[in-house]
Amino acid sequence: MASSRSEGSSASSRRTSASPIPYRVGPLEYEPAVVCRYNNKAARWISWIPDNPGCRYFKCVNARSGCCDYFAWVDGPSNSFVREVLNDLRDEVWKLRREKGDFSAAVEEGRCVQLELVLARNELATSRKVVGEKEAVVGVLKDRNSRLKFEICVMLLVDLGLVVVVFAMLMDSHGGSMRIDPGVLAFLDGAGPVDVFFFAGS
């Protein structure tokens, strides 16, 4: 957007910013100076209204505040052809300027979306890492649980083997005739400890 090089008021800056072309000479940088009725240097603007496009005029810098209504045209009116061409060019410039603003807004929105996407990807990567670590821990616990189950089975088999061996030895030592105390049977069934295990038969 074109901006005035004027060091005047903010009103002057706002007015020049609406111009479809940049000011080659700032509104207050022209010479020789033209003063208003209050002896202040008048600003020289360019008109872009449909009736006088491209025509320069003088206006007091304090016009917006209502202190001075000084106004004078610098250039005479243009013929109808030039006026139509200037109006078309002005409209095209303003159209392109609006499109540029829309494009800039779309680019900025795209950058915001891209940033959100990057943040989402980083968050997803972090979540996957945490899930992977937890799955590794679960795998270790499963392996440990499997080993414990295997060890328990082995211990049970060993205990059962010992019981069979002891039973066989007792049977052999008593000539194959012996009586098992009921408490032993209860112990073997998981009912609890017993005081007396075996009694020799007669």
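Of note:
- Charge tally in the Cβ shell below 14 Å around Glu109, where Lys, Arg are +1 and Asp, Glu are -1, Glu109 excluded: -2
- Within straight-line reach of Lys142, meaning a Cα separation under 21 Å, sit the following lysines at least 8 residues removed in sequence or on another chain: Lys129, Lys134.
FYI, it's all coordinate maths here, none of it is from the lab. Nothing here was measured: the structure is a model prediction, and the numbers come from that model. Glycine also receives a Cβ, built like all others from the backbone with ideal geometry; neighbour counts cover every protein chain displayed.
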